[in-house]
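Beneath this line is the structure, given in structure tokens, with notes to follow.
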Amino acid sequence: MYTEEDLLREIRELMEDDELYQMYERAFREHIYYFETTNYIVLNIYQFNDHGPIHVLLTTRRALELLKIIKKFGIETTAEKLGKPFRWSKFIVAFGALFHDVGNMIHRINHYEFSALLTEPIIDKLAREFETDDWLLLKALTLNAIYTHDEHVPCTTIEGSLVTIADGCDMEAGRSRLVHKKDRVDIHAVSALAIEKVEIREGNEEQPILIEIWMKHLAGVFQVDEILTKKVKSSVLSGKVRIRIYVGEEIMEKVI
């Protein structure tokens, strides 16, 4: 369904920043073993969904899509509020999404803490390369986006919120963020397999972010409520996100 090369191409187009993209692609290829190892552990030990290279690239692409939308609607990012250029936000969102899940290599429990711990030296190096003066702040904001991607950790920045919401959108055709055993037939598994497509679009002034979801049957609503809704509520963008669900001829909407 998704390929690394297609997602990298889309990320490059969304970034509109060749220097940043070159750093991102290099980091992805240099550390791909981390993403593959994370995926091996999640698939074989916990026996559930993809957390590998495709997931981190897809999360990056969606986080950048969200960033582009809020920029169009005039919502200032946290970096901008701190007097920094908008490209800082692209850096934070891109590398926050890229490295958010590698803590699973240590353990699933509190993996978001381990992700920040493991990637600190990597983010340190990247931040120093990207920003010569205030690299420490850039590093802190990026680690924040990694740490707060889990719905159990309240977001404190716009950039971290975008990574969180993007992570929650990865639930198409069995790509659920919801833990479910592949050999078990229950509401978790049925719901995870019900969702066919997720797309991020521009909304309106009140809810700039519109997330459209197509599903085979209503069991997919459980997936939306248990993962995406919780992630949006943990973000600082709660109230600015509209979810539109299509089930056959039926359309449901709600603001989160």
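The values are calculated or read from the model by the stated rules, or taken from the named source; none is laboratory data. Note that the structure is predicted; figures quoted are calculated from it, not measured. Here Cβ is always computed from backbone atoms with ideal geometry, including for glycine, and neighbour counts include all displayed protein chains. Heavy atoms of the whole protein, side chains included, go into the accessibility calculation; ligands, DNA and RNA do not. Shrake-Rupley method; radii C 1.70, N 1.55, O 1.52, S 1.80 Å.
Observations on the structure shown:
- Residues (surrounded by 18 or more Cβ atoms within 10 Å (Cβ to Cβ) and in a loop (DSSP other than H, G, I, E, B)) located in segment 51-75: His51, Gly52
- Subset of segment 98-117 (residues that are within 14 Å of Ala140 (Cα to Cα) and either surrounded by fewer than 18 Cβ atoms within 10 Å (Cβ to Cβ) or among the acidic types (Asp, Glu) (or both)): Glu113, Leu117
- Every condition in (1) at pLDDT below 95; (2) under 23 Å from Asn49 (Cα atoms) is met by Lys230 except one, and the failing one is (1).
- Only residues that are assigned to a loop (DSSP other than H, G, I, E, B), open to solvent by less than 60 Å² (accessible area, probe 1.4 Å) and farther than 22 Å from Thr59 by Cβ were counted in segment 210-256, giving 2.
- Long-range neighbours under 7 Å by Cβ, at least six apart or interchain, first residue closer than 17 Å to Leu67 by Cα within segment 1-27, second in a helix (DSSP H, G or I) and open to solvent by 90 Å² or more (accessible area, probe 1.4 Å): Leu14/Lys68; Tyr21/Arg12
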